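The values are calculated or read from the model by the stated rules, or taken from the named source; none is laboratory data. Remember, it's a predicted structure, so these values are computed and weren't measured experimentally. Glycine gets a Cβ as well: all are built from the backbone with ideal geometry, and neighbour counts include every protein chain shown. Accessible surface areas use protein heavy atoms only, side chains included; no ligands, DNA or RNA. Shrake-Rupley method; radii C 1.70, N 1.55, O 1.52, S 1.80 Å.
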Amino acid sequence: MDKTEKKEIISGWKERHPEIGVVAAKCTATEEMFLTTSRDTKNWFNRHKFELIGQKHRNKRLQELWNLYGETGFELFTVSDLKYKDSNDIKTDDLKELLDLCLQANPNSQKL
């Protein structure tokens, strides 16, 4: 890799526009839903799926359900996303407020 290619890759990384918002892991059998916020939903899904498959997830209830029903027993999805121009403009309080609204709107949900 030459310097030009390296600069293009770094520039592309800095200019990416990841989805930011509230994400969910929902057990389809029990209807239990676990919500949290993410500044990069795609990476969140990958990381948590990896932790669950490896039986290393920090949320014991979510891990129990995953062990019982497996990957096919779950839906991982974005509940609500924030629209933005610059990710530096999004404050932690904005995400917390959005999470609180989603928790209120979904009675079978709990904070992850």
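Details
- The chain - percent of accessible surface contributed by carbon and sulfur, probe 1.4 Å: 49 percent
- Seen against the Cα atoms of the chain and their longest principal axis, helix 41-53 is set at about 50 degrees.
- Where the Cα pairs of the range 51-112 fall when distances are cut into 10 Å bins, in %: 17, 38, 33, 12, 0
- Computed [θ] at 222 nm, deg cm²/dmol, the chain (DSSP H ≥ 4; -39,500 (n - 2.57); rounded to nearest 500): -14000 deg cm²/dmol
- Gln110 versus Lys85: modelled label distance in nm, points set 7 Å from Cα along the beta carbon direction: 4.2 nm
- GNM flexibility winner over the chain from Phe50, Phe74, Phe34 (Cα, springs under 10 Å): Phe50
- Nearest-ten-degree value, helix 60-69 long axis tilted from longest Cα axis of the chain: 80 degrees
- Principal-axis tilt of helix 92-105 within the chain, Cα atoms, nearest 10 degrees: 30 degrees
- Relative contact order %, the chain, counting alpha carbon pairs below 8 Å whose residues are six or more apart: 36 percent
- Exceeding the 28 Å Cα-Cα cut-off - candidates Lys49/Lys96; Lys56/Lys96; Lys42/Lys96; Lys3/Lys91; Lys6/Lys49: Lys3/Lys91; Lys6/Lys49
- Solvent-accessible surface (1.4 Å probe) assigned to Arg61 amounts to roughly 90 Å².
- Share of Cα-Cα pairs in the chain lying beyond 21 Å, as whole percent: 45 percent
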